[in-house]
Amino acid sequence: MNELQTILSDSVDGLLSERVTKVLVQKAEEGEFPATLWNEVEANGLTRVLVPEEQGGAGGTWADAAIVLKAAGEHVAPLPLAEALLANWFLTQAGIEVPDGVTTLLDGDFTLEGGKLSGEAKNVPWGRDAARGVAIVKGQVILASLDGAAIEPGINVAREPRDCVTLKGATATAKKAALPGNAMNLYGALIRACQMAGALGYLSTQSVAYANERTQFGKPIGKFQAIQQQLAVLSTQAAACGVITDHACAQVDKRGADAAFEIAAAKIRVDDASSVATSIAHQVHGAIGFTYEHGLHFATRRLWSWRAEFGAGRDWAETLGRETIAAGADALWPHVTAR
Amino acid sequence: MQPFRFDLCELPGETEGLRQEIRAFLAEELKHVPKVTRAQTWSGSDAEFSRKMGAKGWIGMTWPKKYGGHERSFFDRYVMLEEMLAAGAPVGAHWIGDRQSGPLLLRFGTEEQRQKILPRVAKGECYFCIGMSEPDSGSDLAATRTRAEKVDGGYKVNGTKLWTSGAHHAHYMIALFRTDFAPEAKHSGLTQFLVDLKTTNGITIRPIKDLAGNAHFNEVVFEDAFVPDSMMVGTEGGGWGQVTAELAFERSGPERYLSSFMLMVEMIRELGKRDGAEGAREVGRLVAHLVTLRQMSLSVAGMLEKGENPALEASVVKDLGAIFEQDMPVRAHELLGTAPTVGEGNDYEQVLGYLTQTVPSFSLRGGTREILRGIIARGLGLR
C-alpha cells in the first residue's frame, strides 16, 4: 500500500468499525438515516477519493477507491457511500463541481430539456435521503436536484432504501464527459463488486472467529475437519474476489473504459463466490446466524441484493462470453495475457 | 484478517519480447501436433523438445549461471511456463527437474551434486521424478516407511515408492527415506536422497496404467539398493522440512489452473459454430474464473521473485484451480452433450475424452484437496 492508501485504510476502517454498530444498522433498516455518520464520512473525504485535490478531493485512483469500497462492504455501512463516491467521480469526469451532501445514482430513463431533467429511475439507492442525483443521458453527466422529486419508497432484501424517483423538470447541471454509453451499469458493477469483495472478506473472518468460539462435543467446532474444510473454501472464495476486484480497479486506472473486460470478470466472479460463501457462513453459524439478533445477515443479505444490482453475474457473463466467442477461440489467450 | 496476501503483480514490460519469442517457437514446433496430444501439456514427455528448450535457455531460467542456469527473473520463467501450458507443449520430461528438484538441490544439495547435475538439467538432458508417496503413505507423508539403513559408505534402501510420475524416463529420483526407525521419530527420522535410477542395482520400475490406459506413473521397488553417502540431500533427519519447502515449489506454478486450457479453447471453438445465450454465459463465467486464477497465480510468482514463501497462497490457488478445471468437462457436457472419444472424432471430442478422464487426478496429485484445505485451515488459525 502507498501512503494515501494507508491513510485511507486507517481512516475508513477506524471510522466504520467504531460507528457502524449493530444498533446503527438496525435503526437504518427501520428507516432512520445515519446522518451523523454520513457527515463524518464526508468530513473524512471518503466520498471524494476520486475527486482531484484542487476540488477538495483526495485525487486518488480506483485502486485507492477500492480500499474504501471494500471497507464499506466489510463493515456493512448503511449509507450510499459507494454510490456517492461513484457519482462524484462521474461529476469530476464532466468537470462539474462536486457538491456536499448526499448524492446518489439515478439509473433510469431521463430526458434533458432546457436544462431541466425529467424521467424516472427505479431502485435508486437512498433516493429519499439524497439531496441530489447523478444521471447519464446521451453522453452527458447530469447533476439534478432531488428537491420536489416524487419518491416512492422501496427496499432491497438488505433493507437498504431502493426508491422509485420521478423527476419533472428538476433543476440540473449537464456537461459532456468521455464515458461509455453503459457507464452507469459498468461502473455501478465495479463498485458493487468491490463492496461484495469486502463483505465476503467479512464473512470469512467472522465465520472463522465464530468457529473458534463455539463449542460443541467438548471442543470448538473449528477443530472438526468438516468445518475446517468448509471454512477453507469460504476463505479461498473471499481471497479470489479480493484479487479480481483489485485487478479490475487497477485496469480501470490503466485503460479506463477498456477495462470493461475486467469489470465484467469481477462482477461474475464475486457473484459466483457470494452463493458459495453465504451458504457456508450460515452453515457454520448454525441457528444463531439465522436470527435477526446476530449480525451475520447484514452481510449475507447485502450480498444477495448486490449480486443482482448493476447486472447480475449471468448478464455480464453473457456479454463477456459473446465477445470471447466472437473474437475466436485462439484469441482468448493472447487477450488474457495482454492485460 | 485473512492469513494470506495476494498483492497484484504486473509482469514487467520486458517479458513481452520473451513471450513473443516463445510463441513463434511453439507455433513452429507444435504445428503438426494434434490437439489431444497437446492437451497433455506437462504430462506429455518429449526428450527432443526438452533439449530444444534447453538450447533456448528456457530450463533453469532463474538458476545461477555457474550451474548452467540463466539468472533470469521469476517473471521471465512465469511467462515461459504459462506460454508452454497454454499451447500444450510436451514439457513433461524436464518439468519436475526444472520446477522442484533443481531448486531443491540449489538450496540443500552439495556443491558436487549441483555441479554434476544441474547443468545437464538445464540443457534438457537430465530428468527427475519425485519419490514421496508409498503404498501406506499418501497424504500422510510422514508415514514414509522405505528404509535407508546406514552401511559402509552409504545407505542400503528397501521399500516401495508409488505413483511416481515419469520414473521410467527419469535419470534421478529425489526420494524421501526413513533413516530413523524409532516410533517417536515420525517426522525427524526422514532424510532426502538423490537416487541414480539408471545405474543403481536393486531398483525395479513397474508402470501403472491409469484409468485412461496411459502409463505415466510407476511403482518403484528398492531391494537392498545402495545409495552412497555423497547422494544425501541436505541433512540427515532434515527431510520433513526440506520436503515441505519442495512442495511449495511443486504447488506454486500456473499448471495448477492451466492443465485443461486446451478443452476451454476447443469448447469455445465448438460454441462458435452455434448461437445461444446459455453457451455464452458459461464461457463468460469460465473466462472470469480464468482471469482471476491468473492474477492469483501471478501474485504467487511475485512472492517468489521477492524471495517470500508462498506456500499458503500456492495451496489456495491449487485448490481453486482444481475446482475450475474439474468443472470444465462438466460444463462442456451440459452445454454441448457431445460424447467424449478416444482415438477418433474431432479435436473437441478427443480433448474432451482425454480431460474428462484426467481431471480427477488434479485434486489428488501434488497434495489432495483435503490436505490443501487442511493447510489453509491451519493458516486461518483453526488447527
_Which residue is farthest from the chain's Cα centre (by Cα), if the candidates are limited to the stretch A:209-239 and must be touching a residue at least 60 places away in the same chain (Cβ under 8 Å) and within 17 Å of residue B:3 (Cα to Cα)?_
A:211
_With the requirement that a residue be buried (at least 24 other Cβ atoms within 10 Å of the Cβ) and away from chain B (no Cβ under 13 Å), what does the stretch A:188-210 give you?_
A:190, A:191, A:192, A:194, A:195, A:196, A:199
*Grab the strands (runs of 3 or more DSSP E) fully contained in the stretch B:83-187, keeping just those with 1 or more residues being under 22 Å from the mean Cα position of the chain (by Cα) and basic (Lys, Arg).*
B:154-162
*Scanning the stretch A:291-327 for residues that are open to solvent by less than 20 Å² (accessible area, probe 1.4 Å) and over 23 Å from the mean Cα position of the chain (by Cα), which turns out nearest to the other protein chains (Cβ to nearest Cβ)?*
A:321
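Can you spot a residue in the stretch A:254-269 that is surrounded by fewer than 21 Cβ atoms within 10 Å (Cβ to Cβ) and facing chain B (nearest Cβ under 10 Å)? If you could, list the steps in order and put the result at the bottom.
Here is the first cut: in the stretch A:254-269, the ones surrounded by fewer than 21 Cβ atoms within 10 Å (Cβ to Cβ) are A:254-258.
Right, trim to facing chain B (nearest Cβ under 10 Å) and you get A:254.
The answer is yes, given that some residue of the stretch A:254-269 is surrounded by fewer than 21 Cβ atoms within 10 Å (Cβ to Cβ) and facing chain B (nearest Cβ under 10 Å).
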*Which one of B:301, B:322, B:311 is open to solvent by 20 Å² or more (accessible area, probe 1.4 Å), closer than 30 Å to residue B:133 by Cα, of a type outside the set (Val, Ile, Thr) and touching a residue at least 24 places away in the same chain (Cβ under 8 Å)?*
B:311
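Name the residues in the stretch B:203-222 that are open to solvent by 30 Å² or more (accessible area, probe 1.4 Å) and touching a strand residue (DSSP E or B) at 6+ places or on another chain (Cβ under 6 Å), would you?
B:203, B:204, B:205, B:206, B:207, B:208, B:215, B:217, B:219
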_Against the conditions (1) outside any helix (DSSP H, G or I); (2) surrounded by fewer than 23 Cβ atoms within 10 Å (Cβ to Cβ); (3) out of contact with any helix residue (DSSP H, G or I) (no Cβ under 7 Å at 6 or more places or on another chain); (4) more than 14 Å from every other protein chain (Cβ to nearest Cβ), where does residue B:247 fall short? Just the number, please._
(1)
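Look at residue A:287 and say whether it is without any contact (Cβ under 8 Å) to a residue 40 or more places away in the chain, aliphatic (A, V, I, L, M) and part of a loop (DSSP other than H, G, I, E, B). Steps first, answer last, please.
Values: without any contact (Cβ under 8 Å) to a residue 40 or more places away in the chain: yes; aliphatic (A, V, I, L, M): yes; part of a loop (DSSP other than H, G, I, E, B): no.
It is false that residue A:287 is without any contact (Cβ under 8 Å) to a residue 40 or more places away in the chain, aliphatic (A, V, I, L, M) and part of a loop (DSSP other than H, G, I, E, B).
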*Within the bounds of the stretch B:12-31, is there any residue that is within 13 Å of chain A (Cβ to nearest Cβ), under 30 Å from residue B:312 (Cα atoms), touching an Asp or Glu at 6+ places or on another chain (Cβ under 6 Å) and open to solvent by 50 Å² or more (accessible area, probe 1.4 Å)?*
no
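Could you tell me which residue of the stretch A:65-108 is surrounded by the most Cβ atoms within 10 Å (Cβ to Cβ), considering only residues that are among the charged types (D, E, K, R) and under 17 Å from residue A:263 (Cβ atoms)? Even if it seems obvious, please write down each step before you answer.
The first filter runs over the stretch A:65-108 and keeps only residues among the charged types (D, E, K, R), leaving A:70, A:74, A:83, A:97, A:100, A:107.
If we keep only those that are under 17 Å from residue A:263 (Cβ atoms) as well, we get A:70, A:83, A:107.
Details: A:70: 29, A:83: 25, A:107: 21.
Result: A:70.
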_If I ask for residues that are open to solvent by 10 Å² or more (accessible area, probe 1.4 Å) and either touching a helix residue (DSSP H, G or I) at 6+ places or on another chain (Cβ under 8 Å) or over 20 Å from residue A:84 (Cβ atoms) (or both), which ones from the stretch A:134-161 would you list?_
A:136, A:138, A:139, A:140, A:143, A:148, A:150, A:152, A:156, A:157, A:159
_Members of the stretch A:43-58 found to be open to solvent by 40 Å² or more (accessible area, probe 1.4 Å), of a type outside the set (S, T, N, Q) and more than 17 Å from residue A:94 (Cβ to Cβ), listed by number_ = A:43, A:53
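Looking at this structure, is residue B:294 touching a Phe, Trp or Tyr at 6+ places or on another chain (Cβ under 8 Å), in a helix (DSSP H, G or I), within 7 Å of chain A (Cβ to nearest Cβ) and open to solvent by less than 10 Å² (accessible area, probe 1.4 Å)?
Working: touching a Phe, Trp or Tyr at 6+ places or on another chain (Cβ under 8 Å): yes; in a helix (DSSP H, G or I): yes; within 7 Å of chain A (Cβ to nearest Cβ): yes; open to solvent by less than 10 Å² (accessible area, probe 1.4 Å): yes.
For residue B:294, the condition - touching a Phe, Trp or Tyr at 6+ places or on another chain (Cβ under 8 Å), in a helix (DSSP H, G or I), within 7 Å of chain A (Cβ to nearest Cβ) and open to solvent by less than 10 Å² (accessible area, probe 1.4 Å) - is met.
The values are calculated or read from the model by the stated rules, or taken from the named source; none is laboratory data. Quick caveat, the model's predicted, so the values are computed rather than measured. Every residue, glycine among them, receives a Cβ derived from its backbone with ideal geometry; neighbour counts consider all protein chains shown. What goes into the accessible areas is simple: the full protein's heavy atoms, side chains included, and nothing from ligands, DNA or RNA. Shrake-Rupley method; radii C 1.70, N 1.55, O 1.52, S 1.80 Å.
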